[in-house]
Number of protein chains: 2
Amino acid sequence: MQNYKFTISYDGTKYSGWQSQCNTENTIQGKLENVLTRMTASKVEVIGAGRTDAGVHALEMTANAHFVTQMNTAQILEYINNYLPCDICIKDVTIVSPRFHSRYNATGKTYRYTCYTGSTKPIFDRNFVYALGKCPDINKMRDATEYLLGTHDFKCFCGNAKFNKSSIRTIDLITIENKDDRVVFTYHGDGFLQNMVRIITGTLLEVGLGMRSPESVKQTIESKKRSEAGFTAPASGLCLIKVDYS
Amino acid sequence: MQNYKFTISYDGTKYSGWQSQCNTENTIQGKLENVLTRMTASKVEVIGAGRTDAGVHALEMTANAHFVTQMNTAQILEYINNYLPCDICIKDVTIVSPRFHSRYNATGKTYRYTCYTGSTKPIFDRNFVYALGKCPDINKMRDATEYLLGTHDFKCFCGNAKFNKSSIRTIDLITIENKDDRVVFTYHGDGFLQNMVRIITGTLLEVGLGMRSPESVKQTIESKKRSEAGFTAPASGLCLIKVDYS
């Protein structure tokens, strides 16, 4: 039995997320498991590097799975892509060490959040942006990021009220770029709590729209209360860009 | 009664085109007429600058319509966009001369055709490209364009066998650019016959894939026979970029 590592792109618009607690029917992981189970004629479990929420996209999600097949990796890639729906694609398959675990071995993740600031509706990438309809103040939002960078207890940005493990994480990069009628947030860190990128983005947008000051973000973090943070920015604007392994 | 000029963006994926001979139900023009008729409480006819085929997109299609309303152009814009589906958007509304006709007054059009050349499936823009799966020879295709530029009888590139008006047109610009895993064709001319951009693109792709020589395009044009030209490239890759008025 070999351990295979997959790099996966998907348009998450119509899915219940990478993985669902109760129902695997409409998840990316479920679709991939179905194809692998068909391919190998035995039940295959796919381990993702993390969970993306319903409607969130991925440019390069990573996953791994142990199974037996006579096919080489190029044949596996072709087989899976033939059977996956048009909004999910395997970009790469490699054989990795039996002990490789896509979640436990992940050392960092990059996420991108895209806001559309135009006054009319976005058409061609409407499922991949949050249509904000106005332009937030980029400099104020950049000022606020200095309180987010570094190692903190990010409990206030956790969307799961029942989460009882450590909520300490390190964010080492936040960039905010304004291009044409898009504002693009890029985040890199060692890991992110449930909804964390979306709640941080919502909080930064509230800063950019003048609803809170850049400095208030410091108190928000110290409060450790979800109620002190901003709104959860919509799933459509979020894309997992890359998962790092050392 | 005023004459209004509209600039319209649409994702044509699920429509039967800008206009349909028999059925306006599932056309862009039909959707726009429905909203204007509702807005003005009287039947409004919309005149498009041309017809785009089923599945073809537009960044800036132009249309005009005569009607009476108390609203100003900003209010019209907001009203229409509220009622149009999420894949059609009015980008601009202006009052024009009563004699302005979006089709008769058009002096030129720009079209863009996008091929995806990557070996795996395109995900995020899958409805806006033709997934060719390999890279054609750009230089050979560029060599072929010299026979297309200028004023010619383009009958061989007309998809409508019953078309009996003049098929003489002028193309003054064709560029072919290779960026990452996309090949982008840009065409500008005084007008294009039905399917003309798609059949020219199909013919150029056959040149780029070594199925015909660049020089053969000269004979193809001279033959005036549709059967001598290449295949009709799929609608998904085509987008009307802009309509010119003098």
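The values are calculated or read from the model by the stated rules, or taken from the named source; none is laboratory data. Everything quoted here is computed from the prediction, not taken from an experiment. Neighbour counts run over all protein chains shown; Cβ positions are idealised from the backbone, glycine included. Heavy atoms of the whole protein, side chains included, go into the accessibility calculation; ligands, DNA and RNA do not. Shrake-Rupley method; radii C 1.70, N 1.55, O 1.52, S 1.80 Å.
Would you check if there is a residue in segment B:144-164 being among the charged types (D, E, K, R) and assigned to a helix (DSSP H, G or I)?
Yes - at least one qualifying residue is present in segment B:144-164.
How many residues does segment A:178-193 hold that are in contact (Cβ under 8 Å) with a residue 24 or more places away in the chain and not in a loop (DSSP other than H, G, I, E, B)?
The initial filter retains those residues of segment A:178-193 that are in contact (Cβ under 8 Å) with a residue 24 or more places away in the chain, namely A:178, A:181-193.
Those still in the list that are not in a loop (DSSP other than H, G, I, E, B) too: A:178, A:182-189.
So the answer is 9.
Yes/no matrix, rows are residues, columns are (1) touching a Ser or Thr at 6+ places or on another chain (Cβ under 7 Å); (2) at pLDDT below 95:
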| residue | (1), (2) |
| --- | --- |
| A:MET1 | no, yes |
| A:SER16 | yes, yes |
| A:CYS22 | no, yes |
| A:ILE28 | no, no |
| A:VAL46 | no, no |
| A:ALA54 | yes, yes |
| A:HIS57 | no, no |
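Taking A:ARG142 and the conditions (1) within 9 Å of chain B (Cβ to nearest Cβ); (2) farther than 28 Å from A:TRP18 by Cα; (3) under 23 Å from the mean Cα position of the chain (by Cα), which numbered condition does it fall short on, given that it satisfies the others?
Tallying (1) within 9 Å of chain B (Cβ to nearest Cβ); (2) farther than 28 Å from A:TRP18 by Cα; (3) under 23 Å from the mean Cα position of the chain (by Cα), A:ARG142 fails exactly one: (1).
So, B:LYS14, is that one in contact (Cβ under 8 Å) with a residue 12 or more places away in the chain, open to solvent by 10 Å² or more (accessible area, probe 1.4 Å) and part of a helix (DSSP H, G or I) or not?
Values: in contact (Cβ under 8 Å) with a residue 12 or more places away in the chain: yes; open to solvent by 10 Å² or more (accessible area, probe 1.4 Å): yes; part of a helix (DSSP H, G or I): no.
Judged against the criteria, B:LYS14 is not a match.
Which of the residues that make up segment A:66-109 are more than 12 Å from every other protein chain (Cβ to nearest Cβ), surrounded by 15 or more Cβ atoms within 10 Å (Cβ to Cβ), within 20 Å of the chain's Cα centre (by Cα) and in a strand (DSSP E or B)?
A:ALA106, A:GLY108, A:LYS109
Give segment B:224-243 a look and list any residue that's open to solvent by less than 40 Å² (accessible area, probe 1.4 Å) and either part of a strand (DSSP E or B) or polar (S, T, N, Q) (or both), or say none.
Hits for segment B:224-243 are B:SER236, B:LEU238, B:CYS239, B:LEU240, B:ILE241, B:VAL243.
Identify the residue in segment B:38-65 that is open to solvent by less than 10 Å² (accessible area, probe 1.4 Å) and farther than 15 Å from B:LEU240 by Cα and, among all such residues, is farthest from the other protein chains (Cβ to nearest Cβ).
Taking the candidates together, the pick is B:VAL44.
Pick from A:THR201, A:THR175: which is assigned by TED's automatic domain parsing to the domain that holds A:LYS134 and surrounded by 14 or more Cβ atoms within 10 Å (Cβ to Cβ)?
Numbers: A:THR175 fails: surrounded by 14 or more Cβ atoms within 10 Å (Cβ to Cβ).
After ruling out the rest, the residue left standing is A:THR201.
Looking at segment A:17-31 only, could you name the residues that are open to solvent by 50 Å² or more (accessible area, probe 1.4 Å) and either among the aliphatic types (A, V, I, L, M) or within 14 Å of the chain's Cα centre (by Cα) (or both)?
Result: A:GLN19, single match.
Of the residues A:ASN3, A:ASN34, only one is open to solvent by less than 10 Å² (accessible area, probe 1.4 Å) and more than 20 Å from A:GLY191 (Cβ to Cβ); which?
Values: A:ASN34 fails: open to solvent by less than 10 Å² (accessible area, probe 1.4 Å).
Every option except A:ASN3 fails the conditions.
Considering only residues that are free of Cβ contacts under 8 Å to residues at least 60 places away in the same chain and under 26 Å from B:THR107 (Cβ atoms), which ones fall in segment B:59-79?
Result: B:ALA63, B:LEU77.
Search segment A:111-139 for residues that are at the interface with chain B (Cβ under 8 Å from one of its Cβ atoms) and crowded, with 18+ Cβ neighbours inside 10 Å and pair each with any residue that is hydroxyl-bearing (Ser, Thr, Tyr) and not in a strand (DSSP E or B) when their beta-carbon atoms are under 9 Å apart and the residues are at least 6 apart or on different chains.
Close Cβ pairs satisfying both conditions: A:PHE128/A:THR13; A:PHE128/A:SER236.
Between B:LYS162, B:LYS179, which is of a type in the set (Lys, Arg) and either more than 24 Å from B:TYR104 (Cα to Cα) or in contact with a Leu (Cβ under 7 Å, 6 or more places away or on another chain) (or both)? Let's see the steps before the verdict.
Details: B:LYS162 fails: either more than 24 Å from B:TYR104 (Cα to Cα) or in contact with a Leu (Cβ under 7 Å, 6 or more places away or on another chain) (or both).
Of B:LYS162, B:LYS179, the one residue that is of a type in the set (Lys, Arg) and either more than 24 Å from B:TYR104 (Cα to Cα) or in contact with a Leu (Cβ under 7 Å, 6 or more places away or on another chain) (or both) is B:LYS179.
Cβ-Cβ under 6 Å, sequence separation 6+ or interchain: first residue in segment B:204-219 and in the same structural domain as B:LEU148 (by TED's automatic domain parsing) and over 21 Å from B:LYS155 (Cβ atoms), partner open to solvent by less than 20 Å² (accessible area, probe 1.4 Å) and not in a helix (DSSP H, G or I). Which pairs?
B:GLY208/B:PRO136; B:LEU209/B:PRO136
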